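One structure is given below, encoded as structure tokens.
FYI, it's all coordinate maths here, none of it is from the lab. These numbers come from a predicted model, not from an experiment. Cβ atoms come from the backbone with ideal geometry, glycine included; neighbour counts cover every protein chain shown.
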Amino acid sequence: MRLIFGTLYPAYYSYKAVKSKDIKEYVKWMMYWIIFALFTTAETFTDIFLCWFPFYYELKIAFVAWLLSPYTKGSSLLYRKFVHPTLSSKEKEIDDCLVQAKDRSYDALVHYGKRGLNVAATAAVMAASKGQGALSERLRSFSMQDLSTIRGDGAPAPSGPPPPGSGRASGKHGQPKMSRSASESAGSSGTA
């Protein structure tokens, strides 16, 4: 009920006021939204302490209906009698507090942003160093004899059987790649 009457109904009529550019309706709904914001803020605390009170929730709904009613003009009455005079007398202090809070929040954002970037950079360096360690371990598993079998580096081919664990296992992935001319010359020299 409160969602429909407290927010959706006023939101639709606020839209109509903005669309029609009727200043009187616009001011009326602005006063309502200011009072409703204060009510919602107060409600956050009163719900904790007064929820046990009989008919508490029904009274809240009645209060919102009173704020909305065009006959009682509750939001206009509260705004003109209490909110406007209070805000007018405290406006300078409120503005100063907001400026200070804005500055502090900006400083905090920069501080925590730097810390977050430092943590991310440290994590990236750690991940890269761990990844580099895994890569170097992988490269160490190749023996120099395996690397020298590749024609094109100018190293002589190994003579004799390969040492155990050198990676020259039979199969598709374990055989060294040879160029076609090298395999043909090896085949022709073996037949002669």
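Computed from phi, the 3J(HN,Hα) profile of segment 22-36 under the Karplus parametrisation 6.51, -1.76, 1.60 (θ = phi - 60°) reads 7, 4, 4, 5, 4, 5, 4, 6, 5, 4, 4, 5, 5, 5, 5 Hz, with x in place of Gly and Pro.
Shown here for segment 18-66: trypsin sites (Lys or Arg not before Pro) in loop regions (DSSP other than H, G, I, E, B) with at most 14 other Cβ atoms within 10 Å, namely K21. Computed over segment 1-91, the alpha-carbon pair-distance distribution with 5 angstrom bins reads 3, 13, 21, 24, 19, 13, 6, 2, 1, each value a whole percent. How about K102: which lysines have a C-alpha closer than 26 Å to its C-alpha, ignoring those fewer than 8 places off in the same chain? In chain and number order, the partners are K90, K92, K114.
Taking 1.567 mPa s as the viscosity and 4 °C as the temperature, the Stokes-Einstein diffusion coefficient of segment 56-125 based on its alpha-carbon Kirkwood radius rounds to 79 µm²/s.
Using DSSP to define loop residues, name the chymotrypsin sites (Phe, Trp or Tyr not before Pro) in segment 50-106 whose beta-carbon has at most 14 other beta-carbon atoms within 10 Å. Listed in order of number, the matching sites are W52, F55, Y71.
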